[in-house]
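The values are calculated or read from the model by the stated rules, or taken from the named source; none is laboratory data. What you are looking at is a predicted structure, and each value in this text was computed from that prediction instead of being measured. Cβ placement follows ideal geometry from the backbone for every residue including glycine, while neighbour counts extend to all protein chains displayed. We work out accessible area using only protein heavy atoms, side chains counted, and drop any ligands, DNA or RNA first. Shrake-Rupley method; radii C 1.70, N 1.55, O 1.52, S 1.80 Å.
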Amino acid sequence: MRRTPFSPSFWRSPLRGPWFTSVLGVVLLVGITVLFVTGLLSYAAYNPDLSPVNDKTPDKGLLGFYLFSWPTDPHWLYRLTQGVHVTLGITLIPVLLAKLWSVVPKLFTLPPARSVTHALERLSLLLLVGGGLFEFVTGVLNVQLDYIFPGSFYPLHFYGAWVFFGAFLAHAVLKMPTAWRNLRQLREERNDLVSVNPDPPTVSRRGALGLVGGGSLLLFGTTVGQGFDGLRWSAVLAPHGADPGSGPGGFQINKTAAYAGVTAADRSEEAWRLVVRGRTGTVRLSRAELLQLPLHSSSLPIACVEGWSTSDQWWRGVRLRDLAALVGYDGDPPDVFVQSLQRHGAFRRAALRANQVADPRSLLALFVNGEPLTPDHGHPARIIVPAAPGVLNTKWVAELTFGDL
Ligand code: HEM
């Protein structure tokens, strides 16, 4: 008689067992918790409660309870949190798949529900497995720039995270006592994960864990380099390519001027004027006039929401707080609403909070690494703020409106 997944004898691998599953479970307990926390921090770094332009998940309601004013120190904060989020997410894929493989027989055990609690546990397993796959798949598609999601990535990944982590937490609380007991036992005890008629082993359980670890190491080694200029060549999975060119402008970008629809005419000395609005009215400044204002330098990275980042670059320009002072905010810089010349793509507009405007390292940059900005780095002028996600460091700035948002 043909065996089906519903009959225990269908599952022949001698590797499955509570010890094997528990080791993977404990690794995921730590890894997924870090993923959830760094993900929530990614959302907080947008300062979504400052302005609707920063908020891609406006209907979050109570799920935004944890939000706070994103700091400007340490200046590498978002580079670290989002670098960890994406690199760890990708590194954990072999562990997640091995864990799902190790428990797949459980999904086919009959009867589907022996009691109400058993039914609830199985439902949480469906949310756990479905939510986990959903979060990893949407995350990977996002960083590979494959926006094939059924809707906007932000709410999908954000709400998916809460569903997944809720189910994950329930599962961890239910299962952790058993997992600890399993880990302390050297020998597998019999349960519905252990095959009733296993095939002869081709690799030991430790060997199989070694393979999973090797897969994670490979993914780690081909991803982490996207966070360090000197290692970018090793990030072979990174969609933006490994060579951002050389010279002062030879560091990673996301959107080119051409992609953003910003033409040379828009950026020309004749046409471009920075419009600064505030308490005392509006000021229009050419690039030449901006160069007459006090210029300052700061050494700051670009840290992208996709997880890649550059090393610190040397920016030079006018402090945002000095521009705020031009329109009546001398000494008490407010929030600022920034608009770009950009015609295409998300984040043509962004808002910065007063603490970001007040930071002396926050600039309207005109130069980088000793040279005028290149068109793809945002010439004539771009925003650069410590610890902020790349999307809030607006390029090709056209207007700054200072005032409490
Ligand atoms: C391979 C796995 C993953 C990758 C590559 C990934 C990637 C990303 C990226 C690129 C963002 C920023 C999106 C943006 O602001 O444009 C993000 C945000 C986020 N991630 Fe993930 N993620 C992964 C797994 C997870 C998991 C497992 C969780 C939950 C446990 C999670 C929770 C979040 C949250 C809450 C956000 C904030 C969403 C927002 O800004 O609206 N992620 N993730």
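Observations, loosely collected:
- Residue 47 meets all of the listed conditions (1) assigned to a helix (DSSP H, G or I); (2) within 12 Å of the ligand (Cβ to nearest atom) but one, namely (1).
Residue-by-condition table, conditions (1) surrounded by 14 or more Cβ atoms within 10 Å (Cβ to Cβ); (2) on the phi > 0 side of the Ramachandran plot; (3) of a type outside the set (D, E, K, R); (4) at pLDDT below 95:
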| position | (1), (2), (3), (4) |
| --- | --- |
| 170 | yes, no, yes, yes |
| 176 | yes, no, yes, yes |
| 181 | no, no, no, yes |
| 192 | yes, no, no, yes |
| 195 | yes, no, yes, yes |
| 206 | no, no, no, yes |
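- Selection of first residues in the range 197-214 that are under 18 Å from residue 12 (Cβ atoms) and outside the structural domain of residue 12 (by TED's automatic domain parsing) and of second residues that are open to solvent by 50 Å² or more (accessible area, probe 1.4 Å) and in a loop (DSSP other than H, G, I, E, B), restricted to Cβ pairs under 6 Å at least 6 apart or on distinct chains, gives an empty result.
- Residue in the range 334-344 that is within 19 Å of residue 296 (Cα to Cα), of a type in the set (Lys, Arg) and either in contact with a Phe, Trp or Tyr (Cβ under 9 Å, 6 or more places away or on another chain) or in a loop (DSSP other than H, G, I, E, B) (or both) present: no
- None of 28, 100, 41 is part of a helix (DSSP H, G or I), open to solvent by less than 50 Å² (accessible area, probe 1.4 Å) and near the ligand (Cβ under 9 Å from one of its atoms) except 41.
- The range 265-285: number of residues that are open to solvent by 70 Å² or more (accessible area, probe 1.4 Å) and either among the small types (Gly, Ala, Ser) or within 14 Å of residue 340 (Cα to Cα) (or both): 1
- Pairs, first without any contact (Cβ under 8 Å) to a residue 40 or more places away in the chain and of a type in the set (A, V, I, L, M) in the range 144-167, second near the ligand (Cβ under 6 Å from one of its atoms) and not in a loop (DSSP other than H, G, I, E, B), C-beta under 9 Å, six or more apart: 163/135
- The set of residues from the range 365-393 being in a loop (DSSP other than H, G, I, E, B) and under 15 Å from residue 47 (Cα atoms) comprises 385, 386, 387, 388, 389, 393.
- Beta carbons closer than 6 Å, at least 6 apart along the sequence or on distinct chains, pair a first residue in the range 248-261 that is within 25 Å of residue 370 (Cβ to Cβ) with a second that is open to solvent by less than 50 Å² (accessible area, probe 1.4 Å) and of a type in the set (Gly, Ala, Ser) for 255/345; 260/345.
- Selection within the range 55-112 - small (Gly, Ala, Ser) and closer than 26 Å to residue 311 by Cβ: 83, 89
- Of all residue pairs spaced 6 or more apart or on separate chains, those with beta-carbon atoms under 6 Å, a first member in the range 41-63 that is farther than 19 Å from residue 386 by Cα and in contact (Cβ under 8 Å) with a residue 24 or more places away in the chain and a second member that is within 9 Å of the ligand (Cβ to nearest atom) and open to solvent by less than 30 Å² (accessible area, probe 1.4 Å) are 57/158.
- Considering only residues in the range 218-229 that are touching a residue at least 60 places away in the same chain (Cβ under 8 Å) and part of a helix (DSSP H, G or I), the one that is surrounded by the most Cβ atoms within 10 Å (Cβ to Cβ) turns out to be 226.
- Residue in the range 317-330 that is outside the structural domain of residue 140 (by TED's automatic domain parsing), free of Cβ contacts under 8 Å to residues at least 40 places away in the same chain and within 30 Å of residue 76 (Cβ to Cβ) present: yes
- In the range 230-253, the qualifying residues are those that are closer than 21 Å to residue 140 by Cβ and modelled with pLDDT of 90 or more, and the one that is farthest from the chain's Cα centre (by Cα) is 234.
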